[in-house]
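A short reminder: the numbers here are calculations on the coordinates, not readings from a lab. Just so we're clear, the structure is a prediction, and the values are computed from it rather than from any experiment. We place every Cβ from the backbone using ideal geometry, glycine too, and count neighbours over all the protein chains shown.
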């Protein structure tokens, strides 16, 4: 059967190896498109093609930590998505599940197992490694994720700046907007997240490790 797949990863060698792995066996007739940045991924998904599966790296240009996953799930909630990552930390994998991914593939996975995992997801199943917390533990993360997904793109950028401890004046400079606009965004962020101040907003966002996690650097 022919499928339409999108690989979003900024490492050319891994991207090429993954493409080769997916062009054999049952997936040999599939069309595979590539993206190397978050913006390019969004452009591909917006172009009108109906992808059967997106394989998304957690870290690439335009995306830090889980920012890209939050953005993609917000804008394209109907696109089946599997996360690929250099990390196999159970806590990170559980967060991707809470954010709506259908599976997780570590970059160290063998070619044969990658083929099997992708085929399984295309058949309507989910693919997760053993040893993850029960799904009941996803509920709180999913609630936080939903609140964060309600933010606009610019509000998400401001929230990331808040996580870095930036002041309104610094955020305004970094994002090329007025300080008054920053204040308006901060007020909207508090309202949408259901918090009262910057500290609470940052604590909430950090629960999803939206800021870059050292283990996501690969």
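A few points about this structure:
- Prolate/oblate/rounded label for region 1-50 (Cα gyration tensor, a/c 1.5): oblate
- Note on residue 26 and residue 110: the extension gain reaches 28.6 nm, defined as 0.36 nm multiplied by sequence separation minus the Cα-Cα distance.
- Ordering 11, 185 by the number of other Cβ atoms within 10 Å of each residue's own Cβ, fewest first, gives 11, 185.
- Calculated diffusion of region 141-216, Stokes-Einstein form, Kirkwood radius summed over Cα pairs, 20 °C and 1.002 mPa s, µm²/s: 172 µm²/s
- Once the Cα atoms are used to define both axes, helix 111-122 deviates from the longest principal axis of the chain by about 70 degrees.
- Each residue, residue 203 and residue 164, gets one label point 7 Å from its Cα in the Cβ direction; the gap between the two is 2.4 nm.
- Note on the chain: helix-only mean residue ellipticity at 222 nm, from DSSP H runs of 4+ residues weighted -39500 (n - 2.57) and normalised by residue number, equals -14500 deg cm²/dmol.
- Separation of the residue 1 and residue 19 label points, Cα + 7 Å toward Cβ, nm: 2.5 nm
- Counted by neighbouring Cβ atoms within 10 Å, the residues 49, 33, 9 run from fewest to most as 49, 33, 9.
- Calculated Rg and Dmax of region 1-135 using C-alpha coordinates, Å: 13.5, 38
- A full extension of the chain between residue 181 and residue 78 corresponds to an added length of 33.9 nm, given 0.36 nm per residue minus the alpha carbon distance.
- Between helix 138-149 and the chain: long-axis angle, C-alpha atoms, 0 to 90°, nearest 10: 60 degrees
- Percentage relative contact order, region 50-207, counting C-alpha pairs under 8 Å, at least six apart: 18 percent
- Helix axis angle, 179-193 relative to the chain longest principal axis, alpha carbon, degrees: 60 degrees
- Cα centroids of region 87-132 and region 33-71: 17 Å apart.
- Ordered by the count of other Cβ atoms within 10 Å of each Cβ, fewest first, 173, 3, 51 give 173, 3, 51.
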